[in-house]
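Participant: Could you have a look at this structure, given as C-alpha cells, before my questions?
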Amino acid sequence: MATGQLFSRTTQALFYNYKQLPLQQMLDFDFLSRRETPSVAGIINPGSEGLQKIFFGQKEIVIPVHATIEGACAAHPTADVFVNFASHGGGGSSMCALKQATIRVVAVMGEGLAEADTKQLISYASANNKVVIGPGTVGSMQAGAFKIGDTAVTIQNIIHCKLYRPGSVGFVSKSGETFNELCNTISRVTDGIYEAIAIGGDVCPGSTLFDHVLRFNNIPQIKIMVVVGEHDGCDEYSIVEALKQGKVSKPVVAWVSGRCAGPFKSAAEFGEAGDKSGCELEFARAKNQALKDAGAVVPTSYQTFETALKETFHKLVEEGKITPVKEITPPPIPEDLSSAIKSGKVRAPTHIISTISDERGEDQCYGGVSMSSIIEKGYGVGGVISLLWFKRSLPHYCTQFIEMCIMLCADHGPCASGAHNTIVTARAGKDLISCLVSGLLTIGPRFGGAIDDAARYFKDAHDSGLTPYEFVEGMKKKGIRVPGIGHRVKNRDRKDKRVELLQKFARTHFPSVKYMEYAVEVEAYTLSKAKNLILNIDGAIGSIFLDLFAGSGMFTEQEIDEIVKIGYLNGFFVLARSIGLIGHTFDQKRLKQPLYRHPWEDVVYTT
C-alpha cells in the first residue's frame, strides 16, 4: 500500500469500458481545476479501437480507444491509474491492469466482485506496493488535481463543495451516499477537501479506512482527517490502535454510522453488501466510544457531526496549525447544448428539416399517420410510398397502380444492363450493397431512367395542343429522341406485355387517361416510321402517372410539374429494379458462380 499522496495535477488514467457521462465528468473537473492536460489518456473498449470525441472545456478533443489493457498501457506509459467501469464484477480486468508495470492504482467502480477475486487483488497489490480502491466505490479525488469517475457527481456539486482547489482535509468514507453528503458538509465548515476516498461498500474492500488514514498522516498538506465508517467489520479498531500508539498524529474527526443495530439480537444487514452488524465489537456505539477514548473527535450523533468538525477546524486555525486556503473562482464550464435547449436557456437553429416521418413518439409516423394505423388499415407498400413520397394518402386505385409498377418493373431478366452489372459484380465476390449499386448505376436515359423525361415531354406536348406529328417531328428537329418510345427487343408485332397490363388497369380504374391516350397516339405515329418504335415501359409509366396526378384531384398543376422535375417517377423504377438486382445477387451467390470473364469471340479487336 502506498504511504503518501496517490494523485497529482499530472496524473492520468486509463478508462475501462467506455461510459460517456463519468468520462465527461472527469474532463469537466480537469477544466474546472485548470489542468493543462486531460486526466484520461486512453479508453479501453474490449474488441474495438479508434478515437472517441469528448469535450475538454469548450474544445472537442479525441481520446484514443484501445482493444486491450496491454495495448493501452504500452501506448500510454505515464498513465498509472486504471478506472474500471466493467458492468459487472471486473475481477479479471482489474487483475490484468494490476499486473501491468505502469499501473499503480486500480479503482473498481462496479459491485458484485466475488470476495475471492477481491482477496486476490489485495494480495497482489500488497506484494507489489499498489493500491486498489473498491469494489463498489463511487470514486476518489484530489481536489483541484484529479477525479475518478462519478466522484461528487455533478459539476454544480463540485463547484458548491469547492473541489476545484485543494483544502486541508483528508476524507475517507465507506458509503458512497455518505461520501457525497460529507463533501458538502466539509466544504461548509472548513477550507475544503485535499483528498477524498470512498473505499466502497463491499464486504472485502481493496483498501481500508485505516490504510488511507495512515497515508493522510504522511501528506503535509492534510492538516485534519475525517473518517466515516459503518457498523460492520473492525477496521476502525486499527485506527484506534494507531491513535493510541501515536502513529496517527493529526486530528481525526470520526463517526461510525449504524447505532440502531444495537437492539438487534442477530446480524442485521443495511443496504450495501458489507453493511451488516455482527459481533458486539462491530456495533457502531462500541466503535465510536473506542475512537473517542483513543483521542479522536467523535460527535454525540450524526446530526452534531458538522458542529464538531467546525469547532475542531477553527480551533486548529486559532492555534496557527492551519492557514485556511484562499478562495479562487473556477472557470465556467460551458453547458451542453442539449441540456441548455431543454432548460430553455438557449435557442439553436436546426440543421435538417424533415416533413415525411417522425420517430420521436411511441408510435412512429409516416406522413402524419401512425405506424399502428398503417398496419391496421392495410396501407400496403403503395400506401406507405404515397405517405413518404407524396405526403398524402392517395386513393386505393392509385396505391394499387404504384404496387403494380413495382411488381412489373422488379426485373427484366439477366441480360438487361443493370442485372448484367450486378451479376458480374456478384461473381467477383463483392457484398450485397456493392452488387446492388453496380446495377443501379446503369439506370439512366438509355435504361429505365427515361420515365421523368417521358412524362415531361408528353405533358408539355399535350398541354400545348401539339399533334403527335408536330411533337415527334419537332423533337427530331431538335435532335432529341422521344423518351418512352422504342425498344431493343419488343416491336409492333411483339409488344411489351407490361405496357398492356398497365394500360388496361388505367382504363378500368382511372377517371381520366388523357395523357396515356396521347402517348398511344404518339406511338401510332412512330410505328409508321419503324416497327420497334413502340411505347415502352418508361413511356407507359410516365404518361399514366400524369393521369394519376391529374385525375385524383389531389395535386395542383405546380405540384405535378415539381414532381416530374425532381425525379419522382424514375424513383419508382429504381425502387422496383432494386428488388430484382438483389435477387440476381443472391442467385449468383447461391449458385456459387465463379468470376465472370467475357469471351474473346464476343469482342471486336481493332487498332
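Participant: Note down the magnitude of the dipole of the range 13-319 about its Cα centre, charges +1 on Lys and Arg C-beta and -1 on Asp and Glu C-beta and zero elsewhere, to the nearest 20 debye.
Facilitator: Numbers: 27 positive and 32 negative charges, 124 e Å.
Result for the range 13-319 is approximately 600 debye, rounded to the nearest 20.
Participant: Sticking with this structure for a sec: Enter the angle in degrees (range 0 to 90, nearest 10) between the Cα long axis of helix 235-245 and the first principal axis of the Cα atoms of the chain, meaning the one along which they spread out most.
Facilitator: 40 degrees
Participant: Give me the accessible area per residue for the range 349-392, probe 1.4 Å, as a whole number in Å². Spell out each step's value before the answer.
Facilitator: Details: 3100 Å² over 44 residues.
With all protein chains present, the range 349-392 gives 70 Å² per residue.
Participant: Give me the angle, in degrees from 0 to 90, between the Cα long axis of helix 176-189 and the longest principal axis of the Cα atoms of the chain, rounded to the nearest 10.
Facilitator: 60 degrees
Participant: Sort the range 301-401 into rounded, prolate or oblate with this rule: let a ≥ b ≥ c be the square roots of the eigenvalues of the Cα gyration tensor; rounded if a/c is under 1.5, and if a/c is not under 1.5, prolate when a/b is larger than b/c, oblate otherwise.
Facilitator: Numbers: a/c = 9.23, a/b = 3.60, b/c = 2.57.
Prolate, because a/c is 1.5 or more and a/b exceeds b/c.
Participant: Which value, in debye to the nearest 20, gives the size of the charge dipole of the chain about its Cα centre, when Lys and Arg are +1 and Asp and Glu are -1 at the Cβ?
Facilitator: Details: 64 positive and 64 negative charges, 289 e Å.
About 1380 debye.
Participant: Still on this structure: Using 1/(1 + (r/R0)^6) with R0 = 45 angstrom and r between the beta carbons of Tyr469 and Leu441, what's the FRET efficiency to the nearest 0.05?
Facilitator: On the way: r = 37 Å, r/R0 = 0.82.
Working from the Cβ atoms, E equals 0.75.
Participant: In this model, which of Lys162/Lys315; Lys147/Lys223; Lys391/Lys565; Lys223/Lys287; Lys162/Lys244 are farther than 25 Å apart at the alpha-carbon?
Facilitator: Violating the 25 Å limit, Cα to Cα: Lys162/Lys244.
Participant: A follow-up question, please. Alpha carbon centre of the range 301-359 versus the range 163-178: separation in Å?
Facilitator: 16 Å
Participant: Counting only protein heavy atoms and using a 1.4 Å probe, what share of the accessible area of the chain belongs to carbon plus sulfur, as a whole percent? Intermediate results must be reported in sequence, preceding the final value.
Facilitator: Working: 16080 of 29670 Å².
In the chain, the share of accessible area belonging to carbon and sulfur is 54 percent.
Participant: Just the Kirkwood number for the range 454-541, please: inverse of mean 1/r across all distinct Cα pairs, in Å, one decimal.
Facilitator: Details: mean 1/r = 0.0763 Å⁻¹.
By the Kirkwood definition, the hydrodynamic radius is 13.1 Å.
Participant: For the chain, what does -39500 (n - 2.57) per DSSP helix run (n ≥ 4), summed and divided by total residues, give at 222 nm, in deg cm²/dmol to the nearest 500? It would help to have the intermediate numbers written out before the result.
Facilitator: Numbers: 23 runs with 261 residues, N = 607.
When only DSSP H runs of four or more count, the value is -13000 deg cm²/dmol.
Participant: Hey, which lysines would be in cross-link range of Lys504, C-alpha to C-alpha under 23 Å, not counting anything within fewer than 8 residues on its own chain?
Facilitator: Partners found: Lys459, Lys490, Lys495, Lys514, Lys531.
Participant: Something else now. Rounding to the nearest 20 debye, state how big the charge dipole of the range 334-401 is about its Cα centre with +1 on each Lys and Arg Cβ and -1 on each Asp and Glu Cβ.
Facilitator: Values: 7 positive and 7 negative charges, 57 e Å.
With Lys and Arg at +1 and Asp and Glu at -1, about 280 debye.
Participant: Largest first, how would Glu115, Glu362 line up by accessible area (1.4 Å probe)? Don't jump to the answer; show the numbers that get you there.
Facilitator: Values: Glu115 90, Glu362 200 Å².
Final ranking, largest accessible area leading: Glu362, Glu115.
Participant: Mind checking which aspartates and glutamates have their Cα closer than 15 Å to the Cα of Lys310? Skip sequence neighbours fewer than 8 apart in that chain.
Facilitator: Straight-distance partners of Lys310: Asp191, Glu318, Glu319.
Participant: Tell me, what HN-Hα J-couplings in whole Hz come from the Karplus equation 6.51 cos²θ - 1.76 cosθ + 1.60 at θ = phi - 60° for each residue of the range 108-115, using x for Gly and Pro?
Facilitator: 9, 7, x, 9, x, 6, 4, 4
Participant: Given a cut-off of under 8 Å on Cα pairs at least six residues apart, what relative contact order in percent is computed for the range 13-319? Please list the in-between numbers first.
Facilitator: Details: 680 pairs, mean separation 38.8, N = 307.
Averaging sequence separation for qualifying contacts and normalising by length gives 13 percent for the range 13-319.
Participant: For helix 284-293, report the angle its Cα long axis makes with the longest principal axis of the Cα atoms of the chain; keep it between 0 and 90° and round to the nearest 10°.
Facilitator: 50 degrees
Participant: Shape call for the chain from the C-alpha gyration tensor, a ≥ b ≥ c root eigenvalues: rounded (a/c under 1.5), prolate (a/b greater than b/c) or oblate? Provide the component values of the computation, followed by the final result.
Facilitator: Working: a/c = 3.60, a/b = 2.96, b/c = 1.21.
It is prolate, given that a/c is not under 1.5 and a/b is the larger ratio.
Participant: Determine the per residue accessible area of the range 489-574 with all protein chains present and a 1.4 angstrom probe, expressed in square angstrom. Provide the component values of the computation, followed by the final result.
Facilitator: Numbers: 3870 Å² over 86 residues.
Roughly 45 Å² per residue, with all protein chains present.
Participant: Additional query: Restrict the search to the range 1-76; then list the GluC sites (Glu not before Pro) that DSSP places in a loop and that have at most 15 other Cβ atoms within 10 Å of their Cβ.
Facilitator: On the way: sites: Glu36, Glu49, Glu60, Glu70; in loops: Glu36, Glu49.
Here the sparse-neighbourhood loop sites are Glu36, Glu49.
The values are calculated or read from the model by the stated rules, or taken from the named source; none is laboratory data. This one's a predicted model, so the numbers in the text were calculated from it and none came from an experiment. With ideal geometry, Cβ positions are generated from the backbone for all residues, glycine too; neighbour counts draw on all protein chains shown. Accessible surface is based on the protein model in full, side chains and every heavy atom, while ligands, DNA and RNA are left aside. Shrake-Rupley method; radii C 1.70, N 1.55, O 1.52, S 1.80 Å.
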